[in-house]
Amino acid sequence: MLIPARMSEAEEQRWVNVMLDKLAAQESKQVLGDSELAERAEQLSAQYFDGRARPSSVRWVTNQNTRWGSCTPAEGSIRLSHRLQGMPEYVVDYVLLHELAHLLVPGHGPRFWRLLEGYPRTERAKGYLEGVVAAERLPHVPGARGE
Ligand SMILES: [Zn+2]
């Protein structure tokens with residue numbers, strides 16, 4: 001840990017505390033690894049779909065910038081965009097649940113959305129993701145973000 005020169009002992013202690021807080025915050029935000037993601041998918045499938053959605057693989061991918069998640073039902077594989085990393089857990093869960101639902105029902109018809117009705121944060125998660133997309137489209141002009 002690098003500490004700026006010429007600090008009083010009190011300042012130094014405060015600095016150390018700030019850095020420790022930052023580290024703790026980073027740790028609590030740490031993303032799931034692929035195996036934890038698969039575990040999470042299993043839990044969600046059990047909780048909301050009576051375990052009927054059984055993916056053969058669930059993993060993060062970095063080559064997916066226009067979709068949050070995708071799946072190949074024939075293979076039972078699910079991929080989540082790395083852009084979801086660091087987003088709230090309920091958002092990641094929603095995308096995971098969405099792709100799990102596609103293993104059971106293709107397309108976005110009423111049967112599909114009925115599957116997701118059991119997840120209480122569907123609307124909130126969709127709103128969050130829409131907000132992320134909208135924010136990315138804002139012009140990067142000073143003052144444009146309500147400063
Ligand atoms: Zn979909």
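Summary of computed values
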quantity	calculated
So Val133, is it at pLDDT below 95, within 16 Å of the ligand (Cβ to nearest atom) and in a helix (DSSP H, G or I)	yes
Test: residue in the stretch 85-100 that is of a type in the set (Ser, Thr, Tyr) and loosely packed, with under 14 Cβ neighbours inside 10 Å	no
Qualifying residues in the stretch 60-77 (those that are part of a loop (DSSP other than H, G, I, E, B) and hydroxyl-bearing (Ser, Thr, Tyr)) - the one nearest to the ligand (Cβ to nearest atom)	Thr66
Set Gly69, Gly76: member being at pLDDT 80 or above and under 18 Å from Ala125 (Cβ atoms)	Gly69
Residues being more than 23 Å from Arg59 (Cβ to Cβ) and within 12 Å of the ligand (Cβ to nearest atom) - total across the stretch 109-121	2
Pairs with Cβ under 7 Å, 6+ apart, first in the stretch 61-89 and of a type in the set (Asp, Glu), second more than 16 Å from the ligand (Cβ to nearest atom)	Glu75/Ser56
From the options Leu97, Leu80, residue that is in a helix (DSSP H, G or I) and within 15 Å of the ligand (Cβ to nearest atom)	Leu97
Residues satisfying the stated conditions in the stretch 20-59, i.e. crowded, with 17+ Cβ neighbours inside 10 Å, outside any helix (DSSP H, G or I) and modelled with pLDDT of 95 or more	Ala53, Pro55, Val58
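The values are calculated or read from the model by the stated rules, or taken from the named source; none is laboratory data. Quick caveat: nothing in here was measured; it's all calculated off a predicted structure. Cβ atoms come from the backbone with ideal geometry, glycine included; neighbour counts cover every protein chain shown.
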